[in-house]
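The values are calculated or read from the model by the stated rules, or taken from the named source; none is laboratory data. Computed from a predicted structure; not experimentally measured. Heads up, the Cβs are rebuilt from the backbone with ideal geometry, glycines too, and the neighbour counts pull from every protein chain shown.
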Amino acid sequence: MFDGNIVFTLAFHRIEDAEMYQYKNIKISDLMLDVQNSRFSENADGQREAIKVMVENQGQKLIKLARDIAEKGVDPSERMIVIENDDLEKGFVVKEGNRRVTALKLIENPSLAQNKTFESTFDRIKKSRKIKVMDVDCVVFDNEEYNHWINLKHTGQNDGAGRVGWTTPEQLRFMARNGKESFANQLYSFIDLFPEHFEKIIKEKNRIKITNLDRLIGDPSFRKSLNINGVDGVLFCSQPLIRFISELRKVLNVMILTDDSGKTEFTVNRIRFKEDRANLISELQLTSYSPQLEKEWRLLEPPKLSDVDNSDEQKNNNGSEGSKDGKDSGDNESGGKDSDNHTNGSDSSDSSGKEKGKDNKKFNPVGINRNHMIPMGVSLKFGTEHKRCHRIFTELKKMTHSEHQNSLAVMLRVFIELSLNTYFDTHKLVFLDSKNPKRTPGLHDKVVLVSNDLFEKKKMSGAQKTAILSYSKQMTNAGSSLQQYVHNPNLIPSKEFVNTEWDNFQPLIESIWKVVSL
C-alpha cells in the first residue's frame, strides 16, 4: 500500500540528453526573437524590426494571444525552446515561442509595436492584465536537436491563441534554413560543383561561418546583386553561370582572409546591419546582371560549363550593368583594383594559371562613400616583429566612419608615418638636405625616399611613384588635412575625403609591407 501523501515522479531520459539541453527559468528581457524566424519571408534586421514584422505578420492573432496571456498567463505545459546567443549581445535566442515572447514584450512595452493602433491596443491589455509575466520556463539546447521538436509542435491555430501552424511556404523556408537545403548550404554545395573555380575557397571553407553566409543570403539587396532568387526554399539564378561564379568568388575570397596570426579577418560586424551589407556590395562592386536571363537556373542544378554558348554569353553581357564592352566587369577579384597594383588577398590568377585582369581593362574604383576606410579584402602581412603596426591595421579595418569618424582620420595619419618609419629604419635610408644639412625629414620627405627606393627595387611602377609623390606633396605639408587631423580641433574629417586619402596611399602602404615582411 502506498502512502497517499507520497508522489512518485518517473523520469525517462537518455544519458546523452543531459548534454543536449537543460531547463532554465529566463527573464523576458533576456530573450531575443529569432531574426531568421521561418514566419518571416526575409530575415529581420535586428530585434525592433523582428517585432515590427511579427506584428504586421500576425496582426489580430497576436492581439488574441496577448489577451489570453494577460488573462491566464503563459501555457505552463509548453516550454520555450532557446539557444544561447553567440552574437555580441548576451541572452538567449528563441527558436520556438517567438509569438509568445513578442506578445509578452509588447504587453510590457507597447511602444515596441511601432504602430499607433497596436500600441493603444497593447496598452489597454497591459492595464487590464490579471497576470504579470516577468520570466518563463525554457529548455536551452546546445545543438540543433531542437529542430526535431519544433517540427512536431506546429499543428492547430486556435484563432491565434494557440500555436499558429506554418503555411507551406513557411515550412519550406524552415527546412531550407535549417536542413540540408538551407540557402547557405545551397551556396556551399554549389561551390563543390566547381572545384576548379573555387579551389582555394574549398580548402579554406571552414573559415566561412554559416551564420555570416546566411545573414548575407537573407538580405534581398545581396540576392539582387547576385541575381539569385529564393522560391519555396530553393535558390535560382538569372545571370550567366560564368559571371555568377566570378561574383560569388569575390564574396567568398574576402570571407576566408586571415591575418598574420592565422585568425579569420571577416567578422559579423562587416555585415551586421543593412547598411553594412550595402557597403560590402559597393566595396566588392557586385552588380546585378541586366537584362536577366529569360530562363533561371537552379543553383544545385546548374548548366554545364561545356553547354554554355559563348556567343550567347557575350551577347547577354552587352546588357550587363557596369560593362559597356560585354566583358565581365566583376571578374577582377581585387575589388576593382588592378591586381598588379594592389594586394587584396584574392587570387591573381584562375585555376588554369591564366592571368586575370588583362581582359578587364575597364573597372571602377571601390566606392569612396564606403563606411570602412580600408576596403573589403585589403590584406597586409607584417611578420612577427611589427606587432603594433599589425594591431593598428587590424583596428582600422574594423572601424567605421559612422562610429569612429575622428579616430579613423587620426590613425590613418599615424599608420602612414609608422609604415614609412619602419621601411626607413629597416632599409637604413639616409635623408640629406644639401641646403639645410641639419633638417630632419618631414612626412613628404619620407614618402619621396621610400617611393624612390621601392621604385629602384622594382617593387613599384613609375606611374605609381609619380602619382604617390604628386598626391603626397599636396597632402603631407603642414597645412594639409593629414596634419590638421591631428593638430586642428576645428577640422571635421569627411568620410569621402579620408577614404580617398587611403586609396591614394594604399599602393605605397602595400609595397612597403610587402618588402618589409619578406
Subset of segment 41-58, residues at pLDDT below 90 and more than 20 Å from the chain's Cα centre (by Cα), comes to none
Going through Ile208, Ile242, Ile228 one at a time, which residue ends up being touching a strand residue (DSSP E or B) at 6+ places or on another chain (Cβ under 8 Å) and either within 16 Å of Ser189 (Cα to Cα) or aliphatic (A, V, I, L, M) (or both)?
Ile228
Among the candidates Ser511, Ser461, which residue alone is more than 22 Å from Met373 (Cα to Cα), touching a helix residue (DSSP H, G or I) at 6+ places or on another chain (Cβ under 9 Å), at pLDDT 90 or above and hydroxyl-bearing (Ser, Thr, Tyr)?
Ser461
Are any residues in segment 37-56 surrounded by 17 or more Cβ atoms within 10 Å (Cβ to Cβ) and either part of a helix (DSSP H, G or I) or among the small types (Gly, Ala, Ser) (or both), and if so, which ones?
Ser38, Ala44, Glu49, Ala50, Ile51, Lys52, Val53, Met54, Val55
Odd one out for Ser472, checked against (1) surrounded by 14 or more Cβ atoms within 10 Å (Cβ to Cβ); (2) in a helix (DSSP H, G or I); (3) out of contact with any His (no Cβ under 6 Å at 6 or more places or on another chain); (4) touching a residue at least 24 places away in the same chain (Cβ under 8 Å)
(3)
Kindly indicate whether any position in segment 437-446 is closer than 30 Å to Gln285 by Cβ and crowded, with 20+ Cβ neighbours inside 10 Å.
no
Restricting the search to segment 253-306, which residues are among the polar types (S, T, N, Q) and either assigned to a loop (DSSP other than H, G, I, E, B) or in contact with a His (Cβ under 8 Å, 6 or more places away or on another chain) (or both)?
Ser261, Thr267, Asn279, Gln285, Thr287, Ser288, Ser290, Gln292
Check Ile83, Ile107 and return the single one that is more than 33 Å from the chain's Cα centre (by Cα), among the aliphatic types (A, V, I, L, M) and under 21 Å from Ile26 (Cα atoms).
Ile107
When residues of segment 121-163 are limited to those that are within 32 Å of the chain's Cα centre (by Cα) and of a type in the set (A, V, I, L, M), the one modelled with the lowest pLDDT:
Ile150
State yes or no: is Lys458 surrounded by fewer than 17 Cβ atoms within 10 Å (Cβ to Cβ), outside any helix (DSSP H, G or I) and more than 36 Å from the chain's Cα centre (by Cα)?
yes
